[in-house]
Structure formats: structure tokens, C-alpha cells
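Shown below is the structure under consideration.
The values are calculated or read from the model by the stated rules, or taken from the named source; none is laboratory data. Not measured: the values here are computed from a predicted model. Every residue, glycine as well, gets a Cβ built from its backbone with ideal geometry; the counts of neighbours run over all protein chains shown. Just so you know, the surface numbers come from the protein's heavy atoms only, side chains and all, with ligands and any DNA or RNA stripped out. Shrake-Rupley method; radii C 1.70, N 1.55, O 1.52, S 1.80 Å.
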Amino acid sequence: MNDEPLLLSAALDSFDALWSPRIVTRVNDYDVRIAKVEGEHVWHVHENTDEFFLVLDGELRISLREPGGERTVRLPRGAVFTVPRGTEHKPSAPSGAAMLMFEPTGTLTVGDRHDEVPDHVDATTGHSLST
Ligand code: NI
């Protein structure tokens, strides 16, 4: 964890990998992670935790499988959205996006259950910013 102020813009400039979150700080037992994304992630579910998203740039879409059916929310820059625990979801960003996530340390990007993970998706609990 960094003990100096951190500019998110500089943090985003420090890496290029897509769908591969960097941990910018921790709050109690939670990671604050940022990620650059483009294209589609993978359908997955976090059984025991909600997942918070803040869109920093571009437009993020999150498809959700809910009891009433499937829908996709569109999140422009500045939008926040929380995926409830136990809800299957698949983020995507056809034109690219940058986002910040807030979730318990150790949360796997592809959740507890998921479809086959494509090569472009990093199944990780988050990387430190320096690597
Ligand atoms: Ni998720």
C-alpha cells in the first residue's frame, strides 16, 4: 500500500494490460483496483461479495443475469454501479474504458464460478501497481 497520494491518471498511464486490475490502495479488508478494458470479459459470479464499479473513462457495460431475465447496464464516465453478490455478470467495453473497483482483498476477477476464461482475460486477485 502506498503512503503517498496517488494520481489515478498517472497510475493508469503506468500499465497497458487489459482486463488485468492493479491495486492502488487498500481500505480495511478491501482493495481499490483500477483496470483498463476493451472487448468482453467473461460471465462469472461472486457468491459472497458485491462488486463496486466506478467508470473513469469511456463507457463500461455490464450484462447481468437476474431472476427476471438478462439485461445490460451502460455506465458512462463518472457512473457508479454495484453488482450484487450472487448475480452472474459480464463486463464489456466495445470502445474501451477505464474503471475503478472496490472489492474484498483476494476477490478473483473471474469470480467463484465462471465460463471458460479466454486468453485476453487475466484471472487474478489484482497486481501491485509497480509490476
Ligand atoms: Ni465480477
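Could you say whether any residue in the range 118-125 is at pLDDT 95 or above and either assigned to a loop (DSSP other than H, G, I, E, B) or open to solvent by 10 Å² or more (accessible area, probe 1.4 Å) (or both)?
No.
Just to be sure, is ARG61 under 16 Å from VAL121 (Cβ atoms), within 15 Å of the ligand (Cβ to nearest atom), basic (Lys, Arg) and not in a loop (DSSP other than H, G, I, E, B)?
Against the criterion (under 16 Å from VAL121 (Cβ atoms), within 15 Å of the ligand (Cβ to nearest atom), basic (Lys, Arg) and not in a loop (DSSP other than H, G, I, E, B)), ARG61 qualifies.
If I filter the range 43-66 for residues that are over 15 Å from the mean Cα position of the chain (by Cα) and surrounded by 12 or more Cβ atoms within 10 Å (Cβ to Cβ), do I get at least one hit?
So far as the range 43-66 goes, yes, one or more of its residues are over 15 Å from the mean Cα position of the chain (by Cα) and surrounded by 12 or more Cβ atoms within 10 Å (Cβ to Cβ).
Which residues, taken from the range 84-99, are surrounded by 16 or more Cβ atoms within 10 Å (Cβ to Cβ) and closer than 19 Å to GLY39 by Cβ?
GLU88, HIS89, LYS90, PRO91, SER92, ALA93, ALA97, ALA98, MET99
Considering each of LEU129, LEU75 in turn, give the residue that is under 19 Å from PHE15 (Cα atoms) and either of a type in the set (A, V, I, L, M) or in contact with a Pro (Cβ under 6 Å, 6 or more places away or on another chain) (or both).
LEU129
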